[in-house]
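The values are calculated or read from the model by the stated rules, or taken from the named source; none is laboratory data. If you're wondering where the values come from, they're calculated on a predicted model, not measured in any experiment. Quick reminder, even Gly has a Cβ in these numbers, built from the backbone with ideal geometry, and neighbours come from all protein chains shown.
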Amino acid sequence: MVGIGGGVFIVPLLTLVYDLTSQQAVGTSLTAIIFTSLASTVAYWRQRRIDYKVGLILMITTVPGSSLGAYLTTIVSSQLLGIIFGFFLTLISLQMMFKAKSTKLESPPSGMTKNKPTAWHRKIVDSRGTIFEYEANIPLGFALSFLGGLSSGFLGIGGGAVLVPIMHYLVNIPMHICVATSMFIMIFTSISGVATHLSLGNINPDYAFPLILGVIFGAQLGAYLARRTSGENLKKIFAAVLLLVGVRMILKFLNLLP
């Protein structure tokens, strides 16, 4: 629904409820996210809301970032990884809350400069005829999307929690296109991260397979609901979910909650 892959739910679920180590939770979550992104991409392909060209360009840096992030889990303790995850989600949620601005569905994000030399004019017409026209700041997005890949492999979240804010606020892509394109990018990013986690033994198949079945159906429902939700409300939902989960993770790994 919000283009983040579902890892912000799956990783806390596996660590807080099922007591997997943070490394196992990250690797297992990322395995499920491959199928989340595939199922979501099919749904958004039908809606014609994916900017494939921008997605493929950003993918060039998210893929190596994901592999590096997965490797970094081998040198960070399980407790520290959990605390980092919690603070990461909290900061992202606060950033989105403070920067949230009303944006009409057919309009580009505010602050866009149409005559900017480095901007790439894009026009997407979805299956209902809604027009999304914007100027994408590709050089900035290309550089920063590496962080999305890094967070994907390191935190097991798919990378959307970083990619969506980057694409919306810095690359100047409308929220609905961000969500759809983020899921498309996540296919390649997650596969890259999972390959590394598999070699490190961080994937628990007993949890991965049931998660995969659930996320396939959940992704279809999320894409359906996203189409019927305004861009402004998508931002609010995104921020609120990340804040709640982030605070819970911090308290858990600081041993302040069971």
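For the range 206-220, the set of residues classified as touching a residue at least 60 places away in the same chain (Cβ under 8 Å) and either touching a Cys at 6+ places or on another chain (Cβ under 6 Å) or among the aliphatic types (A, V, I, L, M) (or both) consists of Ala208, Leu211, Ile212, Val215, Ile216, Ala219, listed by residue number. Taking the range 191-248 as the range and being within 15 Å of Leu14 (Cβ to Cβ) and either in contact with a strand residue (DSSP E or B) (Cβ under 8 Å, 6 or more places away or on another chain) or of a type outside the set (Val, Ile, Thr) (or both) as the test, the residues that pass are His197, Asn202, Asn204, Pro205, Asp206, Tyr207, Ala208, Phe209, Pro210, Leu211, Gly214, Arg248. Scanning the range 181-207 for residues that are aliphatic (A, V, I, L, M), over 18 Å from the mean Cα position of the chain (by Cα) and crowded, with 18+ Cβ neighbours inside 10 Å yields one hit, Ile203. The selection criterion, being in contact with a helix residue (DSSP H, G or I) (Cβ under 9 Å, 6 or more places away or on another chain), over 16 Å from Leu242 (Cβ atoms) and either among the basic types (Lys, Arg) or not in a strand (DSSP E or B) (or both), does not hold for Gly158.
Across the range 202-257, the qualifying residues are those that are hydroxyl-bearing (Ser, Thr, Tyr) and assigned to a helix (DSSP H, G or I), and the one among them that is farthest from Met97 (Cα to Cα) is Tyr207.
Out of the residues in the range 223-243 that are in contact with a helix residue (DSSP H, G or I) (Cβ under 8 Å, 6 or more places away or on another chain) and under 26 Å from Ser22 (Cα atoms), state the one that is surrounded by the most Cβ atoms within 10 Å (Cβ to Cβ). Taking the candidates together, the pick is Phe238. Evaluation of Asp51 against the conditions (1) touching a helix residue (DSSP H, G or I) at 6+ places or on another chain (Cβ under 8 Å); (2) farther than 22 Å from Arg228 by Cβ shows that the sole unmet condition is (2). The selection criterion, being buried (at least 24 other Cβ atoms within 10 Å of the Cβ), closer than 18 Å to Ser37 by Cα, modelled with pLDDT under 90 and in contact with a Leu (Cβ under 6 Å, 6 or more places away or on another chain), holds for Gly156.
Of all the residues in the range 19-52, those that are free of Cβ contacts under 8 Å to residues at least 40 places away in the same chain and among the charged types (D, E, K, R) number 1.
Here Gly82 fulfils each of the conditions (1) farther than 29 Å from Leu225 by Cβ; (2) without any contact (Cβ under 8 Å) to a residue 40 or more places away in the chain; (3) of a type outside the set (Val, Ile, Thr) apart from (2).
Take Val63 and decide whether it is over 22 Å from Gly218 (Cβ atoms), in a helix (DSSP H, G or I), of a type in the set (Val, Ile, Thr) and under 14 Å from the mean Cα position of the chain (by Cα). Here the answer is yes, as Val63 does meet what is asked. The lone criterion from (1) modelled with pLDDT of 90 or more; (2) under 14 Å from the mean Cα position of the chain (by Cα) left unmet by Tyr44 is number (2).
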